[in-house]
Ligand SMILES: Nc1ncnc2c1ncn2[C@@H]1O[C@H](COP(=O)(O)OP(=O)(O)OP(=O)(O)O)[C@@H](O)[C@H]1O
Ligand SMILES: [Mg+2]
């Protein structure tokens, strides 16, 4: 049995002449929070619709828990909770009726439903709105109610299409917290977004999709290594002479691709070293600067935010 709870192999989906998903292979580890990231039209929703058995692939394989979506769609549907990108048209129900409706669709016995609905409403912090009509709820509340609905049959995998789209920053944070809580409950979460800030806060894994293909995938750490071959180390020293010594010392070392003066700040001089080596190499750089007699006031490695990495990767593909 695979360690990957969601897997696709060379997935292709064509709409007429247009190829929306173009040989897409992804692996989602059990228990991960996997951010499926990409620009508009990249093929995220189409991939999710294949995984949830709503659309048939043109070719390739898609598996949940090792079960092919084509071979046993019913088993796949039992294992997953799906939150589509649109809320749907159920506005003439109360919040609890909405959940009751979906619970009954999953054949959950009447006797168990009341407790289930209470638990779900509590989980998404909507207990106090249980009698409200759905169309009177705020967008953030609707998203949380929709998330509650995906949990009705206690699936092990959640497939969420843009769960935070259209929400204000506060509501977005609430959704993030909820996803983290669900992961703690043992659920694997696969969600799409094109907002990188959301991803960097909570994801354990990411796949970047562009024009129907995965162009980078892995754990957050692997992604950093994959997308950031250059480490940027900033060395702060006391004066211009020390800065010159730093530049001279590291200039010829293996792995050092560039050395530049940064603007002096508060009387301090700063040198930036672009470096391709590993952690041991970084330590060795530090030691050689020390050995050259320079007092190091600061030695920091810049971690590029995910957005910068993302921009870099997609730019490389487009041009
Ligand atoms: N039923 C369809 N018929 C024709 N083309 C389609 C259909 N569904 C999707 N497409 C096209 O396939 C491409 C991928 O669409 P998809 O909705 O999967 O992208 P997405 O990554 O979810 O984008 P977004 O971030 O905007 O939600 C788009 O160009 C879209 O227009
Ligand atoms: Mg979409």
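The values are calculated or read from the model by the stated rules, or taken from the named source; none is laboratory data. Quantities reported herein were computed from a predicted structural model and do not represent experimental measurements. FYI the Cβ positions are ideal-geometry reconstructions off the backbone, even for glycines, and counts take in every protein chain you see.
Just a few scattered comments:
- Some residue of the range 43-66 being in contact with a helix residue (DSSP H, G or I) (Cβ under 8 Å, 6 or more places away or on another chain) and under 14 Å from residue 163 (Cα atoms): no
- Considering 198, 154, 161, the condition of being in contact with a strand residue (DSSP E or B) (Cβ under 9 Å, 6 or more places away or on another chain), at pLDDT 95 or above and outside the structural domain of residue 260 (by TED's automatic domain parsing) is satisfied by 161 alone.
- Apart from one condition, residue 149 fits all of (1) in a helix (DSSP H, G or I); (2) in contact (Cβ under 8 Å) with a residue 24 or more places away in the chain; (3) over 21 Å from residue 185 (Cα atoms); the exception is (3).
- Test: residue in the range 68-90 that is in the same structural domain as residue 41 (by TED's automatic domain parsing), in contact with a helix residue (DSSP H, G or I) (Cβ under 8 Å, 6 or more places away or on another chain) and farther than 20 Å from residue 50 by Cα: yes
- Taking the range 36-62 as the range and being more than 8 Å from ligand 1 (Cβ to nearest atom) and more than 26 Å from residue 75 (Cβ to Cβ) as the test, only 37 passes.
- For the range 22-39, the tally of residues that are in contact with a helix residue (DSSP H, G or I) (Cβ under 9 Å, 6 or more places away or on another chain) and part of a strand (DSSP E or B) stands at 6.
- Wholly within the range 239-304, strands (runs of 3 or more DSSP E) carrying at least 2 residues that are closer than 23 Å to residue 222 by Cβ: 268-275, 298-302
- The residues of the range 103-122 that are within 17 Å of residue 141 (Cβ to Cβ) and either touching a strand residue (DSSP E or B) at 6+ places or on another chain (Cβ under 6 Å) or surrounded by 20 or more Cβ atoms within 10 Å (Cβ to Cβ) (or both), listed by number, are 117, 120, 121.
- The listed residues are 163, 155, and the only one of them that is under 30 Å from residue 113 (Cβ atoms), in a loop (DSSP other than H, G, I, E, B), touching a residue at least 60 places away in the same chain (Cβ under 8 Å) and within 16 Å of ligand 1 (Cβ to nearest atom) turns out to be 163.
- Checked against (1) within 16 Å of ligand 2 (Cβ to nearest atom); (2) modelled with pLDDT under 95, residue 78 passes all but condition (1).
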